[in-house]
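Written below as structure tokens is the structure these notes are about.
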Amino acid sequence: QVQLVEAGGGLVQAGGSLRLSCAASGLTFSSYAMGWFRQAPGKEREFVAAITWSGGSTYYPDSVRGRFTISRDNAKNTVYLHMNSLTPEGPAVYSCAAARLYNSGKSYQADYWGQGTQVTVSS
């Protein structure tokens, strides 16, 4: 079956950096766009980055553009989220998601989800 396994979360100070990874198995990874989402307790899930199957196009909302970078390595079936200049926030779970049909923009219909990895940015 399809598995998406995130790693790299933890506690980081404000202004710091963190790199998350998401290893995929059970699907033809290079045929899927990949995205990252985050959700804090009591808040709606927020779409923070996406990358097309080839890596040729990426999307970021204004809230993270210029600070977050999504990348992928199709040979390793892995997608990454590099986060810089992190701002203080309570714990949030960052999840990756695979989408068979995605070209660009903020509309992302995920087919598969990972369990997530928790990130806490301290002030």
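The values are calculated or read from the model by the stated rules, or taken from the named source; none is laboratory data. Computed from a prediction, not measured in an experiment: that's the story for all the values here. So basically every Cβ, Gly included, is an ideal-geometry build from the backbone, and we count neighbours across all protein chains shown. For the accessible areas, the whole protein counts, side chains as well, though only heavy atoms, and no ligand, DNA or RNA atoms are used. Shrake-Rupley method; radii C 1.70, N 1.55, O 1.52, S 1.80 Å.
Under a Gaussian network description of the chain, with springs only between Cα atoms under 10 Å, the residue in 42, 16, 56 that fluctuates furthest is 42. Of all beta bridges that DSSP places with both ends in the chain, some 90 percent have antiparallel geometry. Residues of region 16-57 with an amide N closer than 15 Å to a point placed 7 Å from the Cα of residue 104 along the Cα-to-Cβ direction: 50-57.
With R₀ fixed at 35 Å, the C-beta to C-beta distance from residue 30 to residue 62 puts the FRET efficiency at about 0.75.
When the dipole is taken about the Cα centre of the chain, and only Lys, Arg (+1) and Asp, Glu (-1) are charged at their Cβ, what size is it in debye, to the nearest 20?
120
Okay, which of region 9-26 sit inside 18 Å, backbone N to the point 7 Å along the Cα-Cβ direction of residue 122? Of the residues in region 9-26, 9-19 have backbone N under 18 Å from the label point off residue 122.
Per-atom-type breakdown for the chain gives carbon and sulfur 45% of the accessible area (1.4 Å probe, protein chains only). Per residue, what accessible area does the chain have, given a 1.4 Å probe and all protein chains present, in Å²? Value returned for the chain: 52 Å² of accessible area per residue. With K and R counted +1 and D and E -1, the other residues having a Cβ less than 14 Å from that of residue 106 yield a net charge of -1. On the principal axes of its alpha carbon atoms, the chain extends 40, 27, 27 Å, with the longest extent given first.
Extension gain for residue 43-residue 113 works out to 23.4 nm (0.36 nm per residue, less the C-alpha to C-alpha distance).
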